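No lab work stands behind these numbers, since they all come straight from the coordinates. Nothing here was measured: the structure is a model prediction, and the numbers come from that model. Cβ atoms come from the backbone with ideal geometry, glycine included; neighbour counts cover every protein chain shown.
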Amino acid sequence: MASDEAPLTDAPKPRVRGEGTAAAAASRGGLLSALRDRHLGLVLLAPSALTFLMLLVFPLGYGIYTSFLQRHVLEPEGIWVGLDNYAWLLGNADFWRSLLISSFWAGATVGLQIILGTAVALLLHQPFKGRSVVRGLVLFPYMMPVVSVVLIWMLLYNALYGVVNWLLVQAGIIGTPIAWLSQPASAFWAVVFVGVWKYFPFVVVIVLARLQVISQDLYEAARIDGASAWARFVDITLPQLRDVLLVVALLRTIFMFNNFEIVFLLTGGGPLQATMTLPIMVYEQAFGVYELGRGSAIAVVMFVILIAVMSVYFTFLRKEND
Amino acid sequence: MNRRDLLLGAGALAGTHSILGSQASAQTPLRFLTPETDPSQVRVWQAFVEQYATANRGVSIRPEYASWDDLVRKVSADLMAGSPPEVIAGSSREGFMATAARRNLLVDLTPVVEEIGRADFHAPSLEAWKMSGIQAAIPYGVQWPVLWCRTDLFQEAGLALPTTWDEYRAAAEKLTNTQRGVFGACFPAGRTWNTEIQSCIAIWQAGGTMFDDKLNVSLDTPEVRRAMTYYAEMCRFSPPDIGQYGFREASAAYTSGKSASTFYWGRVLSHLYQQAPELLPKTRTLHYPRGAKQAVLIGWDEFVVYRGRNSRAAMEYVKWMLQPRQMFMMMEPVIAHVVPTRNSVMPMVQQHEWVQKHPEIVNALIQPIDFGVSPVRESASHPFNYKWDAFQARFILPDLVQRIVLGREPVALAVERAHKAAVDATKDVRQ
């Protein structure tokens, strides 16, 4: 008996004349369009990927490769020496001293930048007349070119004519002027001071931004409960700033550990290698003593140290989030 | 056209434009690097660039400036990058030049010398820059440092100008008045080239050498210990910040009135004219107070051309700068700083107003001397010292000075350590 219901089998529908061509064309157009979309995405990503490879991956890989060579800087190629450069490094007292100095340099500058930057940010968070002008002026050291900063501080530190010595003598803190950059004992702290002065505004900006989103209700509640200013700072402000300060500390540590220009321009790593940080040692080995392989080995060790620091930080952060 | 096609088209256009743009320039670019950066000298280099560009439209010269102490490292980095400056003017160290010549990185400038005329050049100066069989550089000036003295301060203290180490030590002590901020001497103790030069001179004057005539390190000797003891004593009568002193600071110590005497080359004359003309009538120069013997370091300012795509154009520019008029223009702002190596230029120098007016300053700087010593050939019996570059690269002498002066290390121990460091630095160096 004939039925009006749809057939139970999946027999193909009879094609209408012209229907297949249009459908095929529509199908092909969709495929082409999909392919074009995918390719367009790749094409637009290609410059960034290429830049990333050229400026990051290739130099890093080539630097690691060079660290296994003995290569004079004026030679086009080097001789494969395996781990000899690393063995030299580990047995070299100058390397360990520079590592210690670099660690102190990074630790001292970052610690003081955070303390000073947070203190200034707290001050700038308070309402007072001319606050916006002061907020702008505080950024001044960060905006100045490093060379200008160094030249100014060399004049300020001058043993006979420098303002620093004059002020300290006038205040009775010292009896005779100090040759700040010429004595091993004072040169390190003189350089640290410049590093702190130059980069503390970075901390101010980040901390100030965070302070402005802390709910005032927390402080109100604490005041009502009779909490002192110090208690409010320790129990409200610091916990709220903690994550931001950790990020700032990480970023600043990486930057200051790698910082070359301030120390190099002020003291060149001297006097008597009192400020010989690892970046300066890399420069001296590679371009002063022409030992490119050894310079690269030091740079690779620096890279590994910073990776380790970052790993500790991210592990700590993950635990906190968990 | 839809947005996708527009983006693709823009990308293709940008790529094509950048490729074509890089090929668009028809000028030959030349990098000209120099550590001679006195403002008056920089004006001369700029004038050269403009004059040469006017006469040679196909060449564009880009002047670059570096510090003396960092020049070699900058050039090393550029060589590594494969793009060294085409021309360098001044302060190329003989040791580094010998290394570069051995590695075929320099252009032979013999054709330039022959085109100008070899007879007009000071032959020993040309010979000093012949390395690995080529004319590795053409010196345009020869120079040596002298002792600059404040005659008014010496007279006030009842002192004659010193001619021996003992006289200088006694005078420096008497002239030092820390209350007035005046120091009797100025012995640099920075980790710098100037410290190396002054300590070399002290060692030679004591009768010592850095290397013996078989080119073995010879630092651990009584003569070197005597030289370093003298150097350390004189540092006590020098400004307190000598731990940073290089060239500029040593000159500034004198022109600022901080030091009653300093060792320097002729540039101080131009600095006095610019900064402290009132000191000119109170200034005199004399040769270094002698130790066991008389000696001073002889050096050159020279043109070097590094191998590259534009070597021919660079040689033409060097040839142009070596013309008498241009050579005199180079020397005029710092007259008496160098003695021109072209005989035809010397009469122009001698006619200069400053030279005529200040013979008591200029004579020691331009009258020929027979006690000049080069560190790469410490005596007539020394061969060319191919190890000097490695010795110099490790700051052996500046570190020695700093260990004694800043670190208060006993002289004997510091000299022994310096000797070991020098042996270690040079043991693998082959000719």
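Taking the Cα atoms of chain B, what is the range of coordinates along each of the three principal axes, in descending order and whole Å?
That gives 90, 53, 51 Å along the principal axes, largest extent first.
What ranking do B:Ser60, B:Ser379, B:Ser261 get, fewest neighbouring Cβ atoms within 10 angstrom at the top? Please report the intermediate quantities before stating the final value.
Values: B:Ser60 15, B:Ser379 12, B:Ser261 30.
Final ranking by Cβ density, sparse to dense: B:Ser379, B:Ser60, B:Ser261.
Which distance in Å, rounded to a whole number, links the C-alpha centroids of the range A:211-228 and the range B:296-319?
Taking the Cα centre of the range B:296-319 as reference, the centre of the range A:211-228 is 72 Å away.
By the scheme Lys and Arg +1, Asp and Glu -1, what is the net charge of all other residues having a beta-carbon under 13 Å from that of B:Lys293?
On the way: positive: B:Arg226, B:Arg290; negative: B:Glu223, B:Asp370, B:Glu378.
Around B:Lys293, the surrounding residues sum to -1.
Report the residue, chosen from B:Pro240, B:Pro145, B:Pro63, that carries the largest GNM mean-square fluctuation when chain B is represented by alpha-carbon nodes joined by springs under 10 Å.
The residue with the greatest mean-square fluctuation here is B:Pro240.
Let me have the 222 nm mean residue ellipticity of chain B computed from DSSP H runs of 4+ only, each contributing -39500 (n - 2.57), with the sum over all residues rounded to the nearest 500. Intermediate values should be presented prior to the final figure.
Values: 20 runs with 202 residues, N = 431.
When only DSSP H runs of four or more count, the value is -14000 deg cm²/dmol.
In whole angstrom, and with the biggest value first, how far do the Cα coordinates of the range B:347-401 range along each principal axis?
43, 27, 17 Å, listed from the longest principal axis down.
Using just the Cα positions, wrap the range B:94-153 in a convex hull and report its mean projected area in square nanometres, one decimal place.
Value for the range B:94-153: 6.0 nm².
What is the sum of charges, Lys and Arg at +1 and Asp and Glu at -1, for the other residues whose Cβ falls under 12 Å from the Cβ of B:Val401? Write out the running numbers ahead of the final one.
Numbers: positive: B:Arg191, B:Arg403; negative: B:Glu196, B:Asp399, B:Glu409.
With Lys, Arg at +1 and Asp, Glu at -1, the neighbours total -1.
Once the range B:1-143 is represented by equal point scatterers at the alpha-carbon sites, with solvent omitted, what log10 I(q)/I(0) does the Debye formula produce at q = 0.13, 0.20 Å⁻¹?
-0.73, -1.38
Could you run the Debye sum over the Cα atoms of the range A:84-321, one equal point scatterer each and no solvent, and tell me log10 of I(q)/I(0) at q = 0.07, 0.08, 0.17 Å⁻¹, two decimals?
-0.31, -0.40, -1.26
Which ³J(HN,Hα) values in Hz, rounded to whole numbers, follow from the phi angles of the range A:276-284 under the Karplus curve 6.51 cos²θ - 1.76 cosθ + 1.60, where θ = phi - 60° and Gly and Pro get x?
Going residue by residue, I get 7, 7, 4, x, 6, 5, 4, 4, 5 Hz, with x marking Gly and Pro.
If you bin the C-alpha pair distances of the range B:61-126 every 10 Å from 0, what whole percents do you get?
16, 47, 31, 6
At what distance in angstrom do the alpha carbon centres of the range B:108-177 and the range B:403-419 lie from each other?
Cα centroid to Cα centroid, the span is 28 Å.
Please give the net charge around B:Met131, taking every other residue with its beta carbon less than 9 angstrom from that of B:Met131, where Lys and Arg add +1 and Asp and Glu add -1.
Details: positive: B:Arg102, B:Lys130; negative: B:Glu94.
Result for the neighbourhood of B:Met131: +1.
If each residue's Cβ is checked for other Cβ atoms within 10 Å, how do B:Lys293, A:Lys129 rank with the fewest at the top? Before the final figure, lay out the partial values.
Details: B:Lys293 10, A:Lys129 7.
Least to most surrounded, the residues fall as A:Lys129, B:Lys293.
Beyond 16 Å, what share of the Cα-Cα pairs of the range B:250-290 remains, rounded to the nearest whole percent? Show your work: numbers first, answer last.
Values: 210 of 820 pairs.
Summing the P(r) tail past 16 Å for the range B:250-290 gives 26 percent.
If I build a Gaussian network model for chain B, linking alpha-carbon pairs within less than 10 angstrom, which residue out of B:Leu280, B:Leu322, B:Leu269 has the largest mean-square fluctuation?
The residue that fluctuates most here is B:Leu280.
If I model the protein assembly as shown as equal point scatterers sitting on the Cα atoms and use the Debye formula, what is log10 I(q)/I(0) at q = 0.10, 0.11 Å⁻¹?
-1.15, -1.33
So what is the calculated 222 nm ellipticity per residue for chain A, using -39500 (n - 2.57) for each DSSP H run with n of 4 or more, over all residues, to the nearest 500 deg cm²/dmol?
Details: 15 runs with 218 residues, N = 322.
Value at 222 nm, helices only, nearest 500: -22000 deg cm²/dmol.
Under 5 Å between amide hydrogens, which residues at least 5 positions from B:Val373 or on another chain qualify, with H placed 1.01 Å from N in the peptide plane?
B:Val296, B:Leu297, B:Ile298
State the Kirkwood hydrodynamic radius of the range B:282-431 in Å, one decimal place, computed from all pairs of distinct Cα atoms.
Details: mean 1/r = 0.0519 Å⁻¹.
Kirkwood hydrodynamic radius for the range B:282-431: 19.3 Å.
Based only on Cα atoms, what mean projected area does the convex hull of the range B:123-233 have, in nm²? Write down the numbers at each step before the final one.
On the way: hull surface 40.3 nm².
About 10.1 nm², averaged over all directions.
Provide A:His39, A:His125 in ascending order of the number of other Cβ atoms located within 10 Å of each residue's Cβ, fewest first.
On the way: A:His39 12, A:His125 16.
Going from least to most buried by this count: A:His39, A:His125.
Please give the Cα centre distance for the range B:223-269 versus the range B:328-383, rounded to the nearest Å.
Using only Cα atoms to place each centre, the spacing works out to 22 Å.
Give, in nm to one decimal, the length gained when the segment between A:Asp94 and A:Ile79 is fully stretched (0.36 nm per residue of separation minus the Cα-Cα distance).
Working: separation 15, 0.36 × 15 = 5.40 nm, distance 2.42 nm.
Using 0.36 nm per residue and subtracting the Cα-Cα distance, I get 3.0 nm.
With springs only between Cα atoms under 10 Å, which of B:Gly184, B:Gly82, B:Gly372 fluctuates most in a Gaussian network model of chain B?
Result for chain B, Cα springs under 10 Å: B:Gly82 fluctuates most.
For the range B:193-342, what is Rg from Cα atoms divided by 2.2 N^0.38 Å, rounded to two decimals? It would help to have the intermediate numbers written out before the result.
Details: Rg = 19.0 Å, N = 150, 2.2 N^0.38 = 14.8 Å.
That works out to 1.29 for the range B:193-342.
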